[in-house]
Amino acid sequence: PPPPPPSGYWGLAGLAAAGAVAAALWATVGAAPGPTTPVEASFRPVEGGWTARFDVPDPAKVDILVAREGEVIRLGGRSIGAGKGAWATAEGDYAVRAAGDRLCVVASPDGFSDFAALLGDGGDADPLDGLAEAVRARDPRADVACSPAPAVADARP
């Protein structure tokens with residue numbers, strides 16, 4: 001008997017190739033891009049404030065925000081690039097100490113000119129609540145790391 005026609009095998013090979021291409025597209029297109037300026041940070045409470053050790057990519061612009069008595073203060077100036085070397089440690093990362101209730105490190109490719117619009121209306125007990133979401137909504141390439149929120153005082157009768 002004659003051999004079976006090869007068209008069935010070629011059709012099966014084409015279907016497998018199309019499935020592989022579709023799977024590759026699904027895996028790469030469906031993933032949301034992460035920040036291009038990730039912040040790796042650790043926070044340690046100290047008397048009256050926080051110490052932060054952090055690392056960011058070299059080209060990142062850094063803003064340090066501190067919440068004190070319901071007000072947010074920007075340390076060191078606006079969106080520091082090369083000047084962040086003042087916070088450099090001898091271990092290849094950065095360290096900053098600040099007095100306040102909470103401390104956040106914001107890293108972005110271009111910096112932020114004004115955080116007032118990102119901080120909400122000021123009616124929150126913690127003015128830095130929601131900062132990370134607001135920063136990422138404004139610039140998805142940016143990243144934020146914040147110290148833990150202050151513990152709420154125990155209300156005992």
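The values are calculated or read from the model by the stated rules, or taken from the named source; none is laboratory data. Just so it is clear, the structure is predicted and the values come from calculations on it, not from any experiment. Don't worry about glycine lacking a Cβ; one is built from the backbone with ideal geometry, like all the others, and counts go over all protein chains shown.
Return only the number of the condition from (1) surrounded by fewer than 20 Cβ atoms within 10 Å (Cβ to Cβ); (2) in a strand (DSSP E or B) that Glu91 does not satisfy.
(2)
Could you check, for the stretch 65-81, whether at least one of its residues is more than 28 Å from Asp101 (Cβ to Cβ), in contact (Cβ under 8 Å) with a residue 12 or more places away in the chain and either β-branched (Val, Ile, Thr) or surrounded by 11 or more Cβ atoms within 10 Å (Cβ to Cβ) (or both)?
The initial filter retains those residues of the stretch 65-81 that are more than 28 Å from Asp101 (Cβ to Cβ), namely none.
There is no residue in the stretch 65-81 that is more than 28 Å from Asp101 (Cβ to Cβ), in contact (Cβ under 8 Å) with a residue 12 or more places away in the chain and either β-branched (Val, Ile, Thr) or surrounded by 11 or more Cβ atoms within 10 Å (Cβ to Cβ) (or both).
Residues are listed down the side, and each one gets a yes or a no for (1) more than 25 Å from Pro148 (Cβ to Cβ); (2) modelled with pLDDT of 90 or more; (3) within 20 Å of the chain's Cα centre (by Cα):
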{"position": "Ala82", "(1), (2), (3)": "yes, no, yes"}
{"position": "Tyr94", "(1), (2), (3)": "no, yes, yes"}
{"position": "Leu103", "(1), (2), (3)": "no, yes, yes"}
{"position": "Gly120", "(1), (2), (3)": "no, no, yes"}
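Which of the residues spanning the stretch 42-53 are within 19 Å of the chain's Cα centre (by Cα), in contact (Cβ under 8 Å) with a residue 60 or more places away in the chain and surrounded by fewer than 21 Cβ atoms within 10 Å (Cβ to Cβ)?
The answer is Phe43, and nothing else.
Filter the stretch 76-103 down to the residues that are within 18 Å of Ala142 (Cα to Cα) and among the hydrophobic types (A, V, I, L, M, F, W, C) and list them by number.
Once the filter is applied, which keeps residues that are within 18 Å of Ala142 (Cα to Cα) and among the hydrophobic types (A, V, I, L, M, F, W, C), the stretch 76-103 yields Ile80, Ala82, Leu103.
Based on what the data block shows, is Gly111 surrounded by fewer than 16 Cβ atoms within 10 Å (Cβ to Cβ) and at pLDDT below 90?
Values: surrounded by fewer than 16 Cβ atoms within 10 Å (Cβ to Cβ): no; at pLDDT below 90: yes.
Here the answer is no, as Gly111 does not meet what is asked.
For the stretch 48-80, enumerate the residues that are among the β-branched types (Val, Ile, Thr) and closer than 23 Å to Pro148 by Cα.
Narrowing the stretch 48-80 to residues among the β-branched types (Val, Ile, Thr): 51, 56, 62, 64, 66, 72-73, 80.
Thr51, Val56, Val62, Ile64, Val66, Val72, Ile73 - these are the residues of the stretch 48-80 that are among the β-branched types (Val, Ile, Thr) and closer than 23 Å to Pro148 by Cα.
Sort out for me the strands (runs of 3 or more DSSP E) sitting completely within the stretch 1-78 that have 2 or more residues that are touching a Cys at 6+ places or on another chain (Cβ under 9 Å) and at pLDDT 85 or above.
Working: elements: 40-46, 49-55, 61-68.
Strands (runs of 3 or more DSSP E) meeting the threshold: 40-46, 61-68.
For Ala99, work out the one condition from (1) within 15 Å of Pro150 (Cβ to Cβ); (2) crowded, with 19+ Cβ neighbours inside 10 Å; (3) at pLDDT 85 or above; (4) of a type outside the set (Phe, Trp, Tyr) it doesn't fulfil.
(2)
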